[in-house]
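The values are calculated or read from the model by the stated rules, or taken from the named source; none is laboratory data. Owing to the predicted nature of the structure, the values given are computational and were not obtained by experimental measurement. For neighbour counting, all protein chains shown are included, and Cβ atoms are generated from backbone atoms with ideal geometry for every residue, glycine included.
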Amino acid sequence: MANLKELKNRITSVKSTQKITKAMKMVAAAKLRRAEEAATAARPYAERMDAMMVSLAAGLDGREGPRLLQGSGSDQRQLLIVATGERGLCGGFNSSIARAAARKVDALMADGKDVKILCVGKKGNDALKRKYGHLIIDLVDLSASRRISFADAQPIAQTALSMFDKGEFDVCTVFYAKYVSILTQEVTAQQLIPASIPEIADAEGEGDVDYDYEPEEEEILSDLLPRNISVQVYKALLENAASEQGARMSAMDSATRNAGEMIDKLSLQYNRERQAAITSELIEIISGAEAL
């Protein structure tokens, strides 16, 4: 009977876990809808900003542009901004971003580069600090923000811009997960500084259009490039938020189904044990009656 009691307690425990994972799935689904809308709404602005950079850079005609566009002329010092979530229970969302960043760090260090890491999100910091703790310069905690806003992205961008102005790094790359669907999130590494203008595709057709700018392109770029850094960081955070909720919803759905399967197996085992116990008691009663 002790075994039956143990099985019954285990079934009760798994049922409680199933209720929690089901509730978390529903919460993630509600948050995903808002996060997906925000990420989708931010994409056109970020893409048009990139297209404007292409047009302005094309208008320089060989003239020297702002330092944010031209870079420092070196790639020796690298800053990696690793954006992950503040919470777990979302499958491989956080670990996949951390692994991609770790591979980049290893590759850069193998080439003799100097690397610094700025973590946005506790989970990325927890995953990277075990091996690269000496490279992490700061942790940006966004757990207090109920919804990602542009105000959350600006301090991160300002930190990167300030470090670049002081000559603390030459190249800045941000790692995040681009939201594709509930089941698919693509880990993305996007170069922020210097602006990767040549890598921006001319699919928008902006490169084929001639514009006359006032004031000159250099002055406009000097104002737009820092703003573009904030926009791209904001886009990365929104993509991450949607990806995190999608991954959590998928993970909790799998956990709920796995719990259901475990309950079925434990219930079958419980019924067999209970039937065996009843049969054993009947045999003992019949044997005792025959012995009298």
Hey, ASP75 more than 20 Å from the chain's Cα centre (by Cα), touching a residue at least 40 places away in the same chain (Cβ under 8 Å) and either part of a loop (DSSP other than H, G, I, E, B) or under 22 Å from LEU225 (Cα atoms) (or both) or not: yes
Residue within the range 170-177 that is touching a helix residue (DSSP H, G or I) at 6+ places or on another chain (Cβ under 6 Å), more than 21 Å from GLN70 (Cβ to Cβ), in a helix (DSSP H, G or I) and not hydrophobic (A, V, I, L, M, F, W, C) present: no
Qualifying residue in the range 204-220 (condition: within 30 Å of ARG34 (Cβ to Cβ), surrounded by fewer than 18 Cβ atoms within 10 Å (Cβ to Cβ), out of contact with any Pro (no Cβ under 7 Å at 6 or more places or on another chain) and at pLDDT below 85): yes
Neighbours by Cβ (under 6 Å, 6+ apart or cross-chain): first from the range 41-62, in the same structural domain as SER222 (by TED's automatic domain parsing); second of a type outside the set (A, V, I, L, M) and at pLDDT 75 or above: ALA42/LYS235; ALA46/LYS235; MET49/ASN228
Subset of the range 255-292 that is among the small types (Gly, Ala, Ser) and free of Cβ contacts under 8 Å to residues at least 24 places away in the same chain - its residue that is nearest to ASN3 (Cα to Cα): ALA276
Top-ranked residue of the range 106-142 - restricted to ones that are in a helix (DSSP H, G or I) and touching a helix residue (DSSP H, G or I) at 6+ places or on another chain (Cβ under 8 Å), ranked as surrounded by the most Cβ atoms within 10 Å (Cβ to Cβ): GLY124
Close pairs from the range 81-105: first surrounded by fewer than 19 Cβ atoms within 10 Å (Cβ to Cβ), partner part of a helix (DSSP H, G or I), Cβ under 6 Å, at least 6 apart: GLU86/LYS122
Candidates ALA236, ALA242, ALA247, ALA255 - the one that is part of a helix (DSSP H, G or I) and over 16 Å from ILE97 (Cβ atoms): ALA255
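Just the residues that are hydrophobic (A, V, I, L, M, F, W, C), surrounded by 24 or more Cβ atoms within 10 Å (Cβ to Cβ) and more than 14 Å from GLU37 (Cα to Cα), please, taken from the range 237-260.
ALA247
Residues checked against (1) crowded, with 19+ Cβ neighbours inside 10 Å; (2) modelled with pLDDT of 90 or more; (3) touching a helix residue (DSSP H, G or I) at 6+ places or on another chain (Cβ under 8 Å):
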residue	(1), (2), (3)
LYS8	no, no, yes
ILE11	no, yes, yes
LYS15	no, yes, yes
LYS22	no, yes, yes
ARG33	no, no, no
ALA39	yes, no, yes
PRO44	no, no, no
GLU47	no, no, yes
ALA51	yes, no, yes
Among (1) in a helix (DSSP H, G or I); (2) modelled with pLDDT of 90 or more; (3) not aliphatic (A, V, I, L, M) - the single one ASP152 does not satisfy: (2)
Sole residue being surrounded by 10 or more Cβ atoms within 10 Å (Cβ to Cβ) and either among the small types (Gly, Ala, Ser) or within 30 Å of GLY92 (Cα to Cα) (or both), chosen from ALA276, ALA291: ALA276
Hey, LYS15 among the basic types (Lys, Arg) and within 20 Å of GLY91 (Cα to Cα) or not: no
